[in-house]
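Report on the following structure.
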2 protein chains.
Amino acid sequence: MENVDLIIEAAWIATVDVDDTLLADHAIVVKDARILDLLPNAEAGRRYQAVQRRSLPTHLLLPGLINAHTHAAMTLLRGFADDVPLMAWLKEHVWPAESRWVNKDFIRDGTQLAVAEMLRGGTTCFNDMYFYPEIAASVAQASGIRATIGMIVLDFQTIWAVDPDEYFHKGLQLHDQLRDDPLVQTALAPHAPYTVSDGPLSRVRMYTDELDIPVHMHVHETAHEVQQSVEQHGASPLRRLRRLGLLNPHLVAVHMTHLDDEDIELVAHGGSSVVHCPESNLKLASGFCRVSDLLNAGVNVALGTDGAASNNDLDMLGEMRSAALLAKGVARDASALAVNQALRMATINGARALGIADQTGSLEIGKSADMVALDLNALNTQPVYNAVSQLVFAASREQVRHVWVAGQCLVEDGSLTRIDEAALLERTADWGRRMHAGG
Amino acid sequence: MENVDLIIEAAWIATVDVDDTLLADHAIVVKDARILDLLPNAEAGRRYQAVQRRSLPTHLLLPGLINAHTHAAMTLLRGFADDVPLMAWLKEHVWPAESRWVNKDFIRDGTQLAVAEMLRGGTTCFNDMYFYPEIAASVAQASGIRATIGMIVLDFQTIWAVDPDEYFHKGLQLHDQLRDDPLVQTALAPHAPYTVSDGPLSRVRMYTDELDIPVHMHVHETAHEVQQSVEQHGASPLRRLRRLGLLNPHLVAVHMTHLDDEDIELVAHGGSSVVHCPESNLKLASGFCRVSDLLNAGVNVALGTDGAASNNDLDMLGEMRSAALLAKGVARDASALAVNQALRMATINGARALGIADQTGSLEIGKSADMVALDLNALNTQPVYNAVSQLVFAASREQVRHVWVAGQCLVEDGSLTRIDEAALLERTADWGRRMHAGG
């Protein structure tokens, strides 16, 4: 009998391994934050002696969900301006509100609200891009969630930095601070092709090579962006990024609506990842991402909620459902983006995009114990013919009962273990009252 | 002081009156199953003496949601066959499973599961089309929910009837039985233009006029249906229905993808209602409904989940969100289908389609007390700038705390008051095991 930390016996385990193996009545054995074994329930008790044992007879165990694109602190702007197109939404609502309200406290409280919402809904890792990334990083560290924090870069002055030099300087400082953190890492985060010029983008290229970290960027979000780039640079944003040497496996290109066949080939050939944000693209009427065509071309497509101001939630289960449904409609093919593929987008593909697929994204021996237990014994997920189908098309995140990151239980029976939810809700309501009155 | 049955004091009340009035800190006063008054919280206590009083300081009160198209009993086929296009889904999966498994017990248990799921998620009225409508009607009656039960008509034999004569005979018997029921009514339900020929459709026309009841029908669900009709009848389904005199205010035309500009004018001119089922249309890749164009043309557009086999849930909050998001994408306009319009589709427009807008669909004095209280004090719906925005874009149905139909509390603190949920889940799991083994 080997001594281990935790044994979880589940009705189903969606491993998201290379064969999409769905195990029934199996157990996961955790030791030193990692998955030590996966074996039939009956055998687990004979082979391992656990400090803690958890029986989940009606639950599906799945890899922690990876939100591959968000602006966490923007939860405080949830529903601040709806039913408005992207550029008007940015220029008339979001940017003025940000310049008036965003400060260190806003980032701390907004990021904590986001982390709490994400953990509670089964998200164990997020890829963030926003101001004061050092504060987002410290909130993530305190919460126990896994995160990739963007070192944001813009041409112009914002509340965080005055020019590209300062953005890079502050960003790289954060990168150095986080060098030894097992869960929180950094990415370069040039905001978008239309807000970052060639000079800073060349520096991004240099640092991504030197530091071997992802480049997280909004790309081809709207038709207008593509058209404007052709006018200003003589090339679409994608072709401009290729010219700058950025169309490579480090690139995590977010949105990617308005792609022609050649664009898709370019991305596939470059080995870059795409982050699909279906709800944000619909809400801002930005266009439709050709997800099925990208997947068929071999592109690694991950999934993100975008910020709560354009979604308006950080619900990766809902996003997975929206992605699966929308891809079928857009491809005019009901077999497009089948349930296992949707789950891959929300897990292993996100890990690949962020360069951490050796650590997380699937439930396999040796990986970090980043896991979600979701109870399928509910009115809306019965009967169960295929647990993954119920997960993708019918389950809601309130059915998430337990969440672990690196073996630490961060949600227990539906409650956050490290965040005081009542206090957080009070602070959030307070922000709402002040901004509502001041808006 | 007037004696009344119930006073509910809410943080917000979305009345869905003609001005979309959103009241803050108001109370609803209920007497004899109807809304007697709507007034500021402070005044309610001075004017009325209530048997029961309920204070909801963080809740939004809204009209009960109306699911304007479903096949309730098909909950038992939830997730039975996914990722398959409409005709293959019907012919290779759904119809064989139905002919093997559907009987009176299936209808009773499946409808009860659907009613339980719907009530729990804030749906207080559903428009059903399936076999054994008399059983669906009796389940609805026992549960206290409001319903319109379709008298299904098909050209061919099914488990319920051998030919149109028998469908009409049995249907009209049910209509007679329900004549005095205050909550459960009937509609004529010819399945679709491609399954009902001109003879039976002419009888539908005759009965809808005589009985003054809706005609509930799938219309223009796929491009193939439209094309086939042109080949067989020399006209699109819509034009054929007009020829048969059915394009009138009684018609509740479900799906309505593949509409050209002239089709939209025809529907507007006929005064017919459309039921939009965005998730089912996406899942089966049936096409995109031009919801924004229909609304702009003055058409009454309601909202439905369709059956759980093609959705796979009966979540009207989720459907409202999908409709709002998708309409923006399809119209390429982020201002399309704003939040108040989305809520109208899920409430008053459904009531209009079913001919019961004088009874339900909004919270106005004199109407039936069909109401839903949803708690906005949750991580994913804070802060609150606009309660209706949080409802449409961020809330989940698990936040529904109380549901009333005609003043009767059918969900109390998240629990069903008239349905034994544990027993129902056991029966459902049993169906799942049998059909899984036998499929």
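The values are calculated or read from the model by the stated rules, or taken from the named source; none is laboratory data. As the structure is a prediction and not an experimental result, all values here were calculated from the model. When we count neighbours, we look across all protein chains shown, and the Cβ atoms used for this are built from the backbone with ideal geometry, even at glycine.
Worth pointing out:
- The number of residues in the stretch B:25-57 being at pLDDT 95 or above, more than 28 Å from B:F126 (Cβ to Cβ) and of a type in the set (A, V, I, L, M, F, W, C) comes to 5.
- Unique match (being modelled with pLDDT of 95 or more, within 27 Å of the chain's Cα centre (by Cα) and crowded, with 24+ Cβ neighbours inside 10 Å) among B:L60, B:L22: B:L60
- For the condition basic (K, R) and surrounded by 15 or more Cβ atoms within 10 Å (Cβ to Cβ), B:K170 qualifies.
This table checks each residue for (1) more than 30 Å from B:G79 (Cβ to Cβ); (2) in the same structural domain as B:H71 (by TED's automatic domain parsing).
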site	(1), (2)
B:L314	no, yes
B:L317	no, yes
B:A324	no, yes
B:A327	no, yes
B:V330	no, yes
B:S335	yes, yes
B:T347	no, yes
B:G361	yes, no
B:E364	yes, no
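- Candidates B:M316, B:M256, B:M320, filtered to the one that is more than 8 Å from chain A (Cβ to nearest Cβ), touching a Cys at 6+ places or on another chain (Cβ under 9 Å) and not polar (S, T, N, Q): B:M256
- Look at the stretch A:379-402: where a residue is more than 7 Å from every other protein chain (Cβ to nearest Cβ) and assigned to a strand (DSSP E or B) and a partner is crowded, with 23+ Cβ neighbours inside 10 Å and of a type in the set (V, I, T), sitting 6+ places away or on another chain with Cβ atoms under 7 Å, you get A:V400/A:V372; A:V400/A:V411; A:H402/A:V411.
- Unmet requirement for B:R34, which otherwise passes all of (1) under 23 Å from B:I356 (Cα atoms); (2) surrounded by 18 or more Cβ atoms within 10 Å (Cβ to Cβ): (2)
- Subset of the stretch B:410-430 (residues that are surrounded by 18 or more Cβ atoms within 10 Å (Cβ to Cβ) and either away from every other protein chain (no Cβ under 13 Å) or on the phi > 0 side of the Ramachandran plot (or both)): B:L410
- If only residues of the stretch A:367-378 that are charged (D, E, K, R) and within 23 Å of A:L416 (Cβ to Cβ) are counted, the one that is farthest from the other protein chains (Cβ to nearest Cβ) is A:D370.
- Residue in the stretch B:71-90 that is in the same structural domain as B:E221 (by TED's automatic domain parsing), among the aromatic types (F, W, Y) and buried (at least 24 other Cβ atoms within 10 Å of the Cβ) present: no
- Against the test of being out of contact with any Phe, Trp or Tyr (no Cβ under 8 Å at 6 or more places or on another chain) and within 13 Å of chain A (Cβ to nearest Cβ), the options B:A11, B:A42 yield a single qualifying residue, B:A11.
- Residue in the stretch A:170-181 that is outside any helix (DSSP H, G or I) and either of a type in the set (S, T, Y) or touching a helix residue (DSSP H, G or I) at 6+ places or on another chain (Cβ under 9 Å) (or both) present: yes
- Of the residues making up the stretch B:135-167, just one is surrounded by fewer than 18 Cβ atoms within 10 Å (Cβ to Cβ), within 23 Å of B:E421 (Cα to Cα) and not small (G, A, S), namely B:Q141.
- Count of the stretch B:247-280 residues which are buried (at least 24 other Cβ atoms within 10 Å of the Cβ), in contact (Cβ under 8 Å) with a residue 40 or more places away in the chain and assigned to a helix (DSSP H, G or I): 2
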